[in-house]
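Single-structure report; data block below.
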Amino acid sequence: MDTIASLFSFITTPVSWVIVQFHKVYGALFGDDSGWAWGLSIVSLVVLIRICLIPLFVKQIKSTRNMQVLQPKMKAIQERYKNDKQRQSEEMMKLYKETGTNPLSSCLPILAQSPFFFALYHVLSSIASGKKIGAINQDLLDSARQAHIFGAPLAAKFTDSVDKLNSLDASLLDVRVVTAVMIVLMSASQFFTQRQLMTKNVDLTVKTPYMQQQKMLMYIFPVIFAVMGVNFPVGVLVYWLTTNVWTMGQQMYVINQNPTPGSKAQDAYLQRVLKTVDSRGQVRGRTQRRTVKAIVAKGPDRNDIERKFITGLSKKGLAAQEDGTVQKSETAVIEAEGGAAPKRQQPKRQTKAKRQTAATTGAAKDEPKDEPAAGAKTSLQKQDAPQDDKPTSAGKSASGSSRQAKSGQRKGPQRPKHPSKK
């Protein structure tokens, strides 16, 4: 233990110093030996660390979303180069570089917290063993050993023996009950955080193995925390429960204010924006204007939820502008990508009787034009040679053209047949 503590001395000293400074503040309110003074000092340490890690949390969100979007492309690369692992890795790295995605960014907050977690663990273990560490001197050590939270010392564990708990002036029942409740709350907060991420803040249009992995982690992580929690001191459980609650609240804020495109959370968020615009006639807040601006910039690349939002604005006679604001427009219509396209009105289909009547009428109009020519032809035929069959053939051709017109065939001069078809 001393060897491990010496390895983490570069971080245990700053952590113990921060705890001592917070203890001075809370000790003036609750008393130096109060469990609330030491417990709130640990909670304040968590809050301070998480505030410093907010930039990493933002990178984690961006990386997680980019990984979701890239899953189809990554799967295509794996199938294309499944027999060439080196080429597969090269194409993966090229894809990450082109999109600016870092797969490790999703783990940055956890990795950044790990040194502080181990440092606090060693500080509390040293307090349980009665050893000074970092900025905690003998007086502070005695004060910390006397501090209890609901009857459980900060340095006590679920697996501690009765003799060790007696040395810390605590009962086995109190320690077991307090640690069990904290372990359950710690695991439940971890499960709820992961669940709200999977059910509300995931793009439902992308079905990839990544989503299945996240679902598995949603059940695996709470079990891991429950198993490991029995070996954590009460102070470490306070630390981990506080950081889980912080993560849960931070995740809820992100889901409500900056949801993943294509998720249920985005649909709920845009509906709230639409109600705000309906009641106020304008987009309220910088965040909402930035969201509307991004939707307008996407153009035809909008997803179904974003098209639904643009449709809602158009129905209210409003048009989204490039700067994220909305303006009234009398000519506002639903965009092609924002809603259903206007239906093209097809002409009504006429009945067969009407089509035959129209064809007969057209043929009747054409007959007077052909009569002079037919009469002239008949007179010439009579002058040249008295043939009885000529008028009959002419009559047959006239009646034949009439029947062709009635049947809906093309009127007017017909194209001569090819000599081979005569």
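The values are calculated or read from the model by the stated rules, or taken from the named source; none is laboratory data. Keep in mind that what you see is a predicted model, and the values were worked out from it rather than measured. Neighbour counts run over all protein chains shown; Cβ positions are idealised from the backbone, glycine included.
Just a few scattered comments:
Matching residues to (1) outside any helix (DSSP H, G or I); (2) surrounded by 14 or more Cβ atoms within 10 Å (Cβ to Cβ); (3) not assigned by TED's automatic domain parsing to the domain that holds residue 243:
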residue	(1), (2), (3)
45	no, yes, no
61	no, yes, no
77	no, yes, no
82	yes, no, no
87	no, no, no
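- Filtered by the rule that a residue be of a type outside the set (Lys, Arg) and either at pLDDT 80 or above or in a helix (DSSP H, G or I) (or both), segment 272-281 gives 273, 274, 276, 277, 278, 279.
- Restricting attention to segment 282-296, the residues being crowded, with 17+ Cβ neighbours inside 10 Å and either assigned by TED's automatic domain parsing to the domain that holds residue 65 or not in a helix (DSSP H, G or I) (or both) number 1.
- Here the condition is being crowded, with 17+ Cβ neighbours inside 10 Å and under 30 Å from residue 66 (Cα atoms); of 120, 197, 168, 111, it holds for 197 alone.
- Any hit, segment 303-310, residues being at pLDDT below 85 and either surrounded by 14 or more Cβ atoms within 10 Å (Cβ to Cβ) or under 30 Å from residue 35 (Cβ atoms) (or both): yes
- Sole residue being within 27 Å of residue 152 (Cα to Cα), part of a loop (DSSP other than H, G, I, E, B) and at pLDDT below 90, chosen from 225, 221, 232: 232
- Residue 262 buried (at least 19 other Cβ atoms within 10 Å of the Cβ) and not basic (Lys, Arg): yes
- Candidates 164, 157 - the one that is charged (D, E, K, R) and in contact (Cβ under 8 Å) with a residue 60 or more places away in the chain: 157
- Looking across segment 155-202, the residues that are of a type in the set (Lys, Arg) and closer than 30 Å to residue 259 by Cα come down to 195, 200.
- Residue within segment 165-172 that is in the same structural domain as residue 244 (by TED's automatic domain parsing) and either touching a Pro at 6+ places or on another chain (Cβ under 6 Å) or within 28 Å of residue 218 (Cβ to Cβ) (or both) present: yes
- Exactly one residue among 253, 269 is buried (at least 16 other Cβ atoms within 10 Å of the Cβ) and modelled with pLDDT of 85 or more, and that residue is 269.
- Yes/no for residue 144 being assigned to a loop (DSSP other than H, G, I, E, B), among the aliphatic types (A, V, I, L, M) and under 21 Å from residue 26 (Cβ atoms): no
- Here 221, 225 are screened, and the one residue that is surrounded by 18 or more Cβ atoms within 10 Å (Cβ to Cβ) and in the same structural domain as residue 152 (by TED's automatic domain parsing) is 225.
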